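Visitor: Dropping a structure here in C-alpha cells format, bear with me for questions.
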Amino acid sequence: MKQHKPGKSGPLTKQALDYHKKQFEIPYRSTVAFCDWLEKLGCINKKAPKAVIDIGSGMGANLFYMESRFPLTTFTGVEKNPFLVKQGTAQLKKKRSSRSMLVQGDVFALPSAYRGKYEGLTSYQTISLFPNFETPLKKMIALKPKWIALTSIFFDGRVDARTIIRDYTLPQNGKPYYENLHNIYSIPLVRDFLATHGYGEFVYTPFEIDIDLAKPPDGMGIYTETLANGHRLQISGPVLMNWYFIMAKRQNHE
C-alpha cells in the first residue's frame, strides 16, 4: 500500500486523489491508532455526545471514519481546497453520512461563530505543511476547544527541521517539480507554546505502523523499513517520518 500526503492547493494528481478516496473504503492505520489513543485518553467515546472540528480535512475520509466509530458525535471538517470539499461532500453523501460536514475555509480565517462551539479539535498530518507551527496553532487555540489533538512528524527534543520537498516525478503548475513542506517540529517547543496559551495538560506518543508498506519506484510516498528489533521506520523520499500523536487540554474551561 502506497500512502502519499498531497498538498493543500493546486491541481490534484491521480496519486493525490487516490490517497483521499482509498480511506473511505479502508481507514489508514494511523487514523485508527489515533482514534484508539484519543478514546483511551477519554477525549472522545461512543456514549457521550460531542462536537469536534477537524482542520485540514482533505476529502473528509477521517471524518467518515470517526463518525462511524463515535455514533453520538458530530464532525465539521475545514478544508482550504474547494475541489477536495466538493469531491469529499459527494463522497460523504454517497456513504450516507449524517453527522459529518465539510466546509471550505482557511485555518487563518476561521469564522468567529466557531469559537466555543466544539468540544475538541483534531488535525491530521497538517502542521508539518505550515512554515511554522505557532501561527496555525494560535488560530486553533482561538476557537477555545477543550482539547486539541494533532498527528504530524515531530522530534522529542528541542530541535526542529525545516524541509522543502521538491518531487521531480510530479511536475505541476509549469514547474518541473511538485513543492511542499515536510517540517519536523520540536515536541517540547509545541508543549511550551500550548502551555502559555492555557493548554497545560499535555501528552504525546509515537506512532509505529503495524503493517509493511512497499517502497514506491520513485518520488515521495511512505514506505517502511524494519529494524533488527522488529520496529518499523516510516520513510518518504529522503525524509524519515517521525509520526507522533499530541493531545493538549485546556486547563481553564470558562
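Visitor: With both partners inside segment 25-184, how many of the DSSP beta bridges are antiparallel, as a percent to the nearest 5?
Guide: If I count the DSSP bridges inside segment 25-184, around 25 percent turn out antiparallel.
Visitor: If you don't mind, there's one more thing I want to ask. Estimate the FRET efficiency between D212 and R166 by the formula 1/(1 + (r/R0)^6), using the beta-carbon distance for r and 30 Å for R0, to the nearest 0.05. Intermediate results must be reported in sequence, preceding the final value.
Guide: Details: r = 27 Å, r/R0 = 0.91.
Step by step, r from the Cβ atoms, then E = 0.65.
Visitor: With the cut-off at 1.5 for a/c, could you classify segment 53-130 from its C-alpha gyration tensor as rounded, prolate or oblate? List each step's numbers first, then the result.
Guide: On the way: a/c = 1.56, a/b = 1.20, b/c = 1.31.
Cα axes put segment 53-130 in the oblate bin.
Visitor: Under the rule a/c < 1.5 gives rounded, and otherwise a/b versus b/c splits prolate from oblate, where does segment 1-135 land using the Cα gyration tensor?
Guide: rounded
Visitor: How high is the FRET efficiency from K86 to A142, r the C-beta distance, R0 30 Å, rounded to 0.05?
Guide: The formula returns an efficiency of 0.65 here.
Visitor: Work out Dmax and Rg for the chain from the C-alpha atoms and quote the Rg first, both in angstrom.
Guide: 17.5, 53
Visitor: Let me ask something additional. Using the Cα gyration tensor of segment 129-229, with a ≥ b ≥ c the square roots of its eigenvalues, what is the shape: rounded (a/c below 1.5), prolate (a/b larger than b/c) or oblate (neither)?
Guide: Oblate, because a/c is 1.5 or more while a/b does not exceed b/c.
Visitor: Moving to a separate point now. For the chain, with the dipole built from +1 on Lys and Arg beta-carbon atoms and -1 on Asp and Glu ones, taken about the Cα centre, which of P238, T224, N252 lies farthest toward the positive end?
Guide: N252
Visitor: Ranked highest first by the average count of other Cβ atoms within 10 Å around their residues, in what order do 87-94, 196-203, 141-148 fall? Show your work: numbers first, answer last.
Guide: Working: 87-94: 17.4, 196-203: 15.1, 141-148: 19.2.
Ranking, from highest mean packing down: 141-148, 87-94, 196-203.
Visitor: Mind listing P(r) for segment 79-196? All alpha-carbon pairs, 10 Å bins, whole percents.
Guide: So the P(r) values, bin by bin, are 11, 33, 35, 19, 2.
Visitor: Quick one: if the Förster radius is 22 Å, what FRET efficiency do N252 and Q104 give, using the C-beta to C-beta distance and rounding to 0.05?
Guide: Details: r = 32 Å, r/R0 = 1.45.
After rounding, the FRET efficiency stands at 0.10.
Only the coordinates and a few stated rules stand behind these numbers; no lab work does. Here the structure is a predicted model, which means the values were calculated and not measured. For neighbour counting, all protein chains shown are included, and Cβ atoms are generated from backbone atoms with ideal geometry for every residue, glycine included.
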